[in-house]
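Participant: So that we are looking at the same thing, I have put the structure below in structure tokens.
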Amino acid sequence: MRLNALEIKETIEVHFAETMSSSGDVPDKLEEAENPAFEIGSQAIIEADHMPGMKGALATIAGAYETTAYSVTYFPTTGEEPVKDHKWVIHEEIENAGEESLKPGTEVTLIADHMEGMDGAKAVIESAAETNVYMLDFTTTTGEKVDNHKWIIESELAPIE
């Protein structure tokens with residue numbers, strides 16, 4: 001069976017929507033944000049374009065936490081090519097991260113499971129941001145439902161006007 005270009009595009013978008021959803025479980029030591037710009041249950045517009053269909057989507061805030069978020073390049077445990085500049089992995093999803101924020105260039109092991117091949121993967125910190133991070137429920141701009149997406153940082157959300 002051969003797929004035409006539109007069917008291939010739709011298959012890819014559905015796959016991305018499925019990989020953007022999670023169980024909603026968060027690390028035990030992750031602390032809820034005291035004064036997040038976006039309260040749990042409120043809505044915001046996603047300005048990030050980490051994956052197809054995110055930018056411009058209306059999101060409901062499912063969780064708001066205070067932590068350090070990292071952009072990482074990681075080497076999937078599935079043997080696939082490295083994933084460059086993946087946004088975001090949080091401090092609590094890094095094995096033996098300690099108390100202090102990690103610096104760019106630090107080599108780490110991930111204990112995050114929001115993408116296939118991520119849990120146990122070796123990674124390099126590309127950048128770090130001490131910020132509030134959000135777990136979101138949203139429908140992509142192509143119509144796919146995403147539940148408990150991890151993570152968007154505060155600067156990647158905009159209020160609804």
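Participant: Tell me, what % of the accessible area of the range 74-115 is carbon and sulfur with a 1.4 angstrom probe? It would help to have the intermediate numbers written out before the result.
Facilitator: Working: 1160 of 2580 Å².
For the range 74-115, the apolar C and S fraction of the accessible surface comes to 45 percent.
Participant: Oh, and also: What are the lysines whose alpha-carbon lies under 18 Å from the alpha-carbon of residue 150, with same-chain residues fewer than 8 places away excluded?
Facilitator: Residue 150 reaches 29, 55, 84, 87.
Participant: Further question on the same structure: Beta carbons within 10 angstrom, averaged per residue: use that to sort the peptides 117-127, 28-38, highest first.
Facilitator: Details: 117-127: 17.3, 28-38: 13.0.
In decreasing order of mean packing, 117-127, 28-38 become 117-127, 28-38.
Participant: Next question, about the same structure. Pull out the extension gain between residue 55 and residue 39, defined as 0.36 nm times the separation in residues minus the alpha carbon to alpha carbon distance; nm, one decimal. All intermediate terms of the calculation are to be shown ahead of the outcome.
Facilitator: Working: separation 16, 0.36 × 16 = 5.76 nm, distance 2.01 nm.
Gain on stretching residue 55 to residue 39: 3.8 nm.
Participant: For residue 73 paired with residue 85, estimate the spin-label separation in nm (one decimal), with each label point 7 Å from Cα along the Cα-to-Cβ line.
Facilitator: Each label point lies 7 Å from its Cα, and together they span 1.1 nm.
Participant: Go ahead and estimate [θ] at 222 nm for the chain from helices alone: -39,500 (n - 2.57) per DSSP H run with n ≥ 4, summed, over the residue count, rounded to 500. Before the final figure, lay out the partial values.
Facilitator: Values: 1 runs with 16 residues, N = 161.
That calculation yields -3500 deg cm²/dmol at 222 nm.
Participant: With +1 on the Cβ of every Lys and Arg and -1 on the Cβ of every Asp and Glu, and nothing else charged, how large is the dipole of the chain about its Cα centre, in debye rounded to the nearest 20?
Facilitator: Numbers: 10 positive and 33 negative charges, 117 e Å.
Magnitude of the dipole: close to 560 debye.
Participant: If contacts are Cα pairs under 8 angstrom and at least 6 residues apart, what is the relative contact order of the chain in percent? Don't skip to the answer; put the middle values down first.
Facilitator: On the way: 360 pairs, mean separation 46.7, N = 161.
Relative contact order comes out at 29 percent.
Participant: How high is the FRET efficiency from residue 139 to residue 100, r the C-beta distance, R0 30 Å, rounded to 0.05?
Facilitator: On the way: r = 38 Å, r/R0 = 1.26.
After rounding, the FRET efficiency stands at 0.20.
The values are calculated or read from the model by the stated rules, or taken from the named source; none is laboratory data. Given the structure is predicted, the values throughout are model-derived calculations rather than measurements. FYI the Cβ positions are ideal-geometry reconstructions off the backbone, even for glycines, and counts take in every protein chain you see. The accessibility values were calculated without ligands, DNA or RNA, using every heavy atom of the protein model including side chains. Shrake-Rupley method; radii C 1.70, N 1.55, O 1.52, S 1.80 Å.
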